Every structure is written in C-alpha cells, then in structure tokens.
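Following: one structure in structure tokens, then a few remarks.
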Amino acid sequence: MKTAMLMGDSITGGLTDWGRRGYARLVQDGLASEWVIKTLPENGGDSRQLRSNLDHWLGDQHVDVIHFNCGLHDIRRSPGTMTMQVPLEEYAANLHHIVSWLRRRGATLIWARTTPVLDGHRHPSKFFVRFNADVDAYNAVADDIMAAAAITINDLHGAVTAAGMEQCLSEDGVHMTPLGTHILSVKVIEALRAVPFTR
C-alpha cells in the first residue's frame, strides 16, 4: 500500500487526541483500503517550529507522499503591538528550507494552501488575532515558492471559500465546522489519488 504523511497544524490534525478536529482522520477513513496515512505526533505549529522539528518528527520513516502546510500559526498577531508571530520574509526562508529538506527524502510533495479566517473572530481564551489579508499575503508567497519548485498545490483555501466561509469556519473564525472538515478531507483524498505511481 502507498503511504502518505499529512503535516500541518490543527486544521490537518493527527491520528492521536491532539488532532481530533482535523481532516486527517477522515482522510484515513476514506483511503483505508488504498493508503497508509501518517500524521505528526503533535501540532506542527508555525513554519519555524516545523522547520526545526523535521528530522525529529519524520526521522527515517518511509513515505510515498508528503502533504504539508504551515501558515495559520505564522500569521498570529499580538493585539497590543500587532507583531506577526513569524514575519513574511522569515516564512519564505523557512518554506525554502522545508522544501529543500523534504525533497531529499524522495517523496512526492503536495503543498496545501492555508485556509481562510474570519476577521474579528477568535476563541475567548486566545490572546492573538488573525486577519484574512495576512492569509492571502502568506499564500501568495507560498504559491510562488511551490510553483518555482514544481510542487503540486492543493487549494484548500479555495475549497473553503467556494463552499462558504461562514458555513465552513467555526465561531473562532479559524477551525472548521464538520462541513469544512469534510470538504477539506475530500480535497486531500482527491489530491492523493491523483498522484501517479508506476507499477
């Protein structure tokens, strides 16, 4: 069976308790007879965290496809200073490093565009804010990097936008409703099934 690693934050989720809200479990269920699905042991966080943990999280695991994303944690802004958690220039540098590191593994790479957010919405226990204009700016940089590297782009952002952000995003303006999670899982399943394999 083919093996895929789904790397990302809580939108992707995991196959352990930390990722119960993400699409990974639905992807696993949908491809159970075709693929072995793997996920990170914890939330991948921002691009800085993903970059620094690649070797620790992936080690020498064999995978045929790596479907990866980071972005929503990068665009967190402090309400007081409005400082970005990971500035755009550093985000670009981190993505270049991540792509270079992943390519050495020989797996097929698929980049997942960062999903949109609802401005002005946030979980009451969270101190940071996010803006959709930042999602667009970071996605634009990632699009250019992935296109230059000839990496397939899975437009999860477009899928959520087309289906309706108000219907797909929960009250915190970031995480998915059950509908949003289902829509993303379908897009990921389609992307994995589209990967050509020689027999």
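The values are calculated or read from the model by the stated rules, or taken from the named source; none is laboratory data. All values reported here derive from a predicted model rather than from experimental measurement. Because the Cβ atoms are built from the backbone with ideal geometry, glycine has one as well, and the counts that use them run over all protein chains shown. For accessibility, only protein heavy atoms count, side chains too; no ligands or nucleic acids. Shrake-Rupley method; radii C 1.70, N 1.55, O 1.52, S 1.80 Å.
Worth a mention:
- Between segment 140-177 and segment 1-25, the Cα center-to-center distance that results, in Å: 16 Å
- Computed over protein heavy atoms with a 1.4 Å probe, the accessible surface of the chain works out to 46 Å² per residue.
- Here the accessible area is traced with a 1.4 Å probe on the protein chains. For the chain, carbon and sulfur cover 52 percent of it.
- Each stretch of four or more DSSP H residues adds -39500 (n - 2.57); spread over every residue of the chain, this sum gives -12500 deg cm²/dmol at 222 nm.
- Shape call, segment 118-199: gyration tensor on alpha carbons, a/c limit 1.5: oblate
- Approximating the spin labels as points 7 Å out from Cα along Cα→Cβ, the Ser33-to-Asp155 distance works out to 3.1 nm.
- Available extension along the chain between Ala163 and Met82 is 26.2 nm, counting 0.36 nm per residue and deducting the alpha carbon span.
- Three-way shape label, segment 62-199, alpha-carbon gyration tensor, a/c 1.5: oblate
- Calculated FRET efficiency for the pair Ala148/Gln61, C-beta based, R₀ 25 Å, to 0.05: 0.40
- For the listed peptides 141-151, 3-13, a ranking on the average number of other beta carbons within 10 Å per residue, highest first, reads 3-13, 141-151.
- Based on Cα contacts under 8 Å between residues 6+ apart, segment 1-62 shows a relative contact order of 37 percent.
- As a length-normalised measure over Cα pairs under 8 Å and 6 or more apart, the relative contact order of segment 72-191 settles at 26 percent.
- As a length-normalised measure over Cα pairs under 8 Å and 6 or more apart, the relative contact order of segment 123-190 settles at 26 percent.
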